[in-house]
Every structure is written in structure tokens, then in C-alpha cells.
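*Asks:* Pasting a structure below so you can have a look.
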Amino acid sequence: MAAKKTGILLANLGSPTAPTIPAVRKFLKDFLWDPRVVNIPRPIWWLVLHGFVLPFRPARSAKAYQKIWTDKGSPLIYLTRQLSERLAEKLQDDDISIKYSMRYGEPSIAGQLKLFKEEGVNQIIVLPLYPQYSSTTTASIYDDVVKELNQWRHLPNLQFISDYHQHDTYIDAIADTVKSSWTEHGKNELLLMSFHGLPELLTKLGDPYYRQCQDTARLIAEKLGLNEKQWLLVFQSRFGKAEWLKPYCADTLQKLPGEGIKTVDVICPGFAVDCLETLEEMAMENKAVFIDAGGTDYRYIPALNDSGNHVDAIVNLLDKWI
């Protein structure tokens, strides 16, 4: 009997290869054509995507990416890579192979699974780096995994982790990050917990994302000892004209100074590593909204990224399988 060899695949959304209009257009075309992401009949959506979205949005998005791009490239890509490297250093086991992958772009999920096959991996654990499950994100990664494995004659044992939105060590890691910020910079009047938004319709269709975001935010607040007036849950990154999950982040930030809240700390517990939506939208764009509305201090608290707390949380999450 062959010895067990485990492959751990961290899966994230992906990023353009460069902060340029052509690269962003290619990324958006792949991302927005995924039926898990946009649930509009394909013929109608094809016309909208090619007639209204792709001709205009890549230029705006490229400018946003240019603000956060580094010598290492896209933060989402290199931070996910560094997280996988730290995880490998922590585990240091010849019978465990750790790789990272992107749903859209490189390194692809299919490509990394093929490498596991070449290495003789017979147990695969897939961890989408989305603490809260959504059909638009987690399920799309599952689709891609199954698409590749459906071509294999000999299937490995497969463990797919759908969510970890209330896992103890994840909640502890987020709370510790907030506490560290408060120790270093002081505590502002309100902790704003911002999650990526989704169309409200998806909740009505059975997507558990909204409830899981509420659970995560409540558990973090409890861990920090906050009362109901000291924290707030909001949703960011609205797209299109449909009703999305509320309250909207930008609208809330615009109103808070008029309601007497002039200082806020902001954290995004749904993002495992920092990316465009946290570094540009939350740390820059929405900060300007709050300050322009009369706020005096807006502090974005970084994601867990490749921190020791994050690595420990993942090891604890995977412990039963490794």
C-alpha cells in the first residue's frame, strides 16, 4: 500500500498579470464571464459584457491597480504565495506538498492539481481563501477543481473546505490583529467590519454568505468585548444597479460624521490577504469619502496576509486531515 501523501491547495480569486488596460481586460473577461459570478442569461450578459463593461471598465480598474502595484507585482498574488511558503515552513513534512492557485489567471487550479498528480499525491485538501462561503467564489473554485479531476482516471481522496467563518483560530487571529492596531495606534470610536457585497437575490436563492458574514462579525465583536454601539457590519464593492447586501459601506461612511462618529477603525474579515478591494477601495477611496464627510481619523487594519497568526489558524483548521 502506497504511503499517504497530502497535497494542500490554497485557492484565491486571481489578479491581472499587470496594471495595464489589456491585462485588466483579459482578467475581467474571464472573471465576469463565470456564470457563478454573474447569474444573467448568457446571451444577454454577453451583449452587456462586450458592449458596455469591457470597453470602459478596464481603464478605470487599471488606474486602481496602478495605485497598489508593487515591485513584487499584485499584492493578492504575492501575499498568497508568501502565505503558502510560510505554511510550508511551519509544517516541514516530506509527505505534504503545499501549493497556491488562482481561480482566474496563474498559477491555475488545474495546473497545480496536475503537479500534485505528478508528485504522487493521493489526498488533496482544497482550501479556498474565502472564510465565508458564497456561490460566487467558493463554489466557483469547486467547479474548477471538479472540472480538472473529472479528467483523471484515478481520483485522489478529496477534502474541500467550504468555509471557516466561525472557526476559533480564525476569529482569534482577526481579533488579535485589531488588538495590535489598538495597542500601536489607539482605539477609535467605531470598528467598521466590511465584507465584499453580493446581490440580495443570491441570499433569497439560498446563498448563506450574508448570514455567515453576520456570524463572523458578531464573534469578532464578542472576542474584542465590544458592545453593539462600538462596531458595525457593512458591505463594499457594489456593482451594477441591482439591490446588493446592505448597509452599503460608502454610504455608511458618508453618514457617520454627521451622526457624531468622527473616528473609525476598518477591517475586512472576508479577505484572507490584501488586494485591490482592501488596499485601494477601503484604504484609499472610502477613506476619502469619510474624511470629506467630516471624519477626522480613518485607520485601515491590514488583512491577516502571511502573518504567523494566519499560518497558525490554517494549520489548526487543517489539523484533522494532516
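*Asks:* Just give me the residues in region 245-287 being among the acidic types (Asp, Glu), within 20 Å of TRP182 (Cβ to Cβ) and touching a Lys or Arg at 6+ places or on another chain (Cβ under 8 Å), in sequence order.
*Replies:* The initial filter retains those residues of region 245-287 that are among the acidic types (Asp, Glu), namely 251, 259, 265, 274, 277, 280-281, 285.
Remaining after also requiring within 20 Å of TRP182 (Cβ to Cβ): 265, 274.
Answer for region 245-287, where residues must be among the acidic types (Asp, Glu), within 20 Å of TRP182 (Cβ to Cβ) and touching a Lys or Arg at 6+ places or on another chain (Cβ under 8 Å): just ASP265.
Residue-wise test of (1) assigned to a helix (DSSP H, G or I); (2) buried (at least 17 other Cβ atoms within 10 Å of the Cβ).
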| residue | (1), (2) |
| --- | --- |
| ASP207 | no, yes |
| ASP215 | yes, no |
| LEU219 | yes, yes |
| GLU222 | yes, no |
| GLU228 | no, no |
| GLY240 | no, no |
| LYS246 | no, no |
| LYS255 | yes, no |
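*Asks:* Out of the residues in region 1-54 meeting the condition of being part of a helix (DSSP H, G or I) and touching a residue at least 60 places away in the same chain (Cβ under 8 Å), tell me which one is farthest from SER162 (Cα to Cα). Working first, answer last.
*Replies:* We begin by selecting, within region 1-54, every residue part of a helix (DSSP H, G or I); these are 21-33, 42-53.
Then drop every residue that is not touching a residue at least 60 places away in the same chain (Cβ under 8 Å), which leaves 27, 30-31.
On the way: PHE27: 24, ASP30: 23, PHE31: 20 Å.
Ranking the qualifying residues of region 1-54, first place goes to PHE27.
*Asks:* Could you tell me which numbered condition ILE98 fails, if it satisfies all but one of (1) within 21 Å of the chain's Cα centre (by Cα); (2) part of a helix (DSSP H, G or I); (3) over 21 Å from THR278 (Cα atoms); (4) not small (Gly, Ala, Ser)?
*Replies:* Condition not satisfied by ILE98: (2).
*Asks:* Test of understanding: among ILE124, ILE161, which residue is in contact with a Gly (Cβ under 6 Å, 6 or more places away or on another chain), within 16 Å of TRP321 (Cα to Cα) and hydrophobic (A, V, I, L, M, F, W, C)? Let's see the steps before the verdict.
*Replies:* On the way: ILE161 fails: in contact with a Gly (Cβ under 6 Å, 6 or more places away or on another chain).
Going through ILE124, ILE161 in turn, just one is in contact with a Gly (Cβ under 6 Å, 6 or more places away or on another chain), within 16 Å of TRP321 (Cα to Cα) and hydrophobic (A, V, I, L, M, F, W, C): ILE124.
*Asks:* Here's something else I'd like to know. Please specify each residue of region 304-322 satisfying the condition of being in a loop (DSSP other than H, G, I, E, B) and either over 23 Å from GLY186 (Cα atoms) or free of Cβ contacts under 8 Å to residues at least 60 places away in the same chain (or both). Break it down stepwise before answering.
*Replies:* Applying the first criterion (in a loop (DSSP other than H, G, I, E, B)) to region 304-322 yields 304-307, 319-322.
Matches in region 304-322: ASP306, ASP319, LYS320, TRP321, ILE322.
*Asks:* Can ARG103 be described as under 27 Å from ALA139 (Cβ atoms) and among the charged types (D, E, K, R)?
*Replies:* Values: under 27 Å from ALA139 (Cβ atoms): yes; among the charged types (D, E, K, R): yes.
In short, yes.
*Asks:* Turning to a different aspect of this structure: Check off (1) surrounded by 19 or more Cβ atoms within 10 Å (Cβ to Cβ); (2) part of a helix (DSSP H, G or I); (3) of a type outside the set (S, T, N, Q) for GLU85 and give me the number that stays unchecked.
*Replies:* Against the list (1) surrounded by 19 or more Cβ atoms within 10 Å (Cβ to Cβ); (2) part of a helix (DSSP H, G or I); (3) of a type outside the set (S, T, N, Q), GLU85 comes up short only on (1).
*Asks:* Hey, can you tell me all the residues within region 116-171 that are in a strand (DSSP E or B) and either of a type in the set (A, V, I, L, M, F, W, C) or touching a residue at least 60 places away in the same chain (Cβ under 8 Å) (or both)? If you could, list the steps in order and put the result at the bottom.
*Replies:* Here is the first cut: in region 116-171, the ones in a strand (DSSP E or B) are 123-128, 157-160.
If the condition is that a residue be in a strand (DSSP E or B) and either of a type in the set (A, V, I, L, M, F, W, C) or touching a residue at least 60 places away in the same chain (Cβ under 8 Å) (or both), then GLN123, ILE124, ILE125, VAL126, LEU127, PRO128, LEU158, GLN159, PHE160 are the ones that fit.
*Asks:* When you scan region 290-322, how many residues do you find that are surrounded by fewer than 18 Cβ atoms within 10 Å (Cβ to Cβ) and β-branched (Val, Ile, Thr)?
*Replies:* Looking only at that region, the number is 4.
*Asks:* To continue, here is another question. Could we say that ALA88 is farther than 15 Å from ASN305 by Cβ and without any contact (Cβ under 8 Å) to a residue 24 or more places away in the chain here? Outline the logic, then answer.
*Replies:* Numbers: farther than 15 Å from ASN305 by Cβ: yes; without any contact (Cβ under 8 Å) to a residue 24 or more places away in the chain: yes.
For ALA88, the condition - farther than 15 Å from ASN305 by Cβ and without any contact (Cβ under 8 Å) to a residue 24 or more places away in the chain - is met.
*Asks:* Which of the residues spanning region 224-280 are acidic (Asp, Glu), under 30 Å from SER101 (Cβ atoms) and out of contact with any Cys (no Cβ under 8 Å at 6 or more places or on another chain)? Give the steps one after another, and end with the answer.
*Replies:* Within region 224-280, the subset acidic (Asp, Glu) is 228, 243, 251, 259, 265, 274, 277, 280.
Cutting the leftovers down to under 30 Å from SER101 (Cβ atoms) gives us 274, 277, 280.
Residues satisfying the conditions are ASP274, GLU280.
*Asks:* Can you tell me how many residues in region 257-268 are surrounded by fewer than 20 Cβ atoms within 10 Å (Cβ to Cβ) and outside any strand (DSSP E or B)?
*Replies:* Residues of region 257-268 surrounded by fewer than 20 Cβ atoms within 10 Å (Cβ to Cβ): 257-260, 262-263.
Next cut, outside any strand (DSSP E or B) only: 257-260, 262.
Qualifying residue count for the region: 5.
*Asks:* Give just the number: which of (1) touching a residue at least 40 places away in the same chain (Cβ under 8 Å); (2) surrounded by fewer than 21 Cβ atoms within 10 Å (Cβ to Cβ) does GLY105 not satisfy?
*Replies:* (2)
*Asks:* Would you mind finding the one in PRO247, PRO269 that is closer than 19 Å to ALA173 by Cα and not charged (D, E, K, R)?
*Replies:* Details: PRO247 fails: closer than 19 Å to ALA173 by Cα.
Within the list PRO247, PRO269, the selection yields PRO269.
*Asks:* For LYS114, all conditions in the list (1) touching a Lys or Arg at 6+ places or on another chain (Cβ under 9 Å); (2) outside the structural domain of ILE267 (by TED's automatic domain parsing); (3) surrounded by fewer than 16 Cβ atoms within 10 Å (Cβ to Cβ) hold save one; what is the number of the exception?
*Replies:* Looking at each condition in turn, LYS114 falls short on (1).
*Asks:* Here is a follow-up. Do you know which residues across region 128-144 are surrounded by fewer than 21 Cβ atoms within 10 Å (Cβ to Cβ) and of a type in the set (A, V, I, L, M)?
*Replies:* Correct list: ALA139 only.
The values are calculated or read from the model by the stated rules, or taken from the named source; none is laboratory data. Note that the structure is a prediction, hence the values are computed from the model and not measured. Every residue, glycine among them, receives a Cβ derived from its backbone with ideal geometry; neighbour counts consider all protein chains shown.
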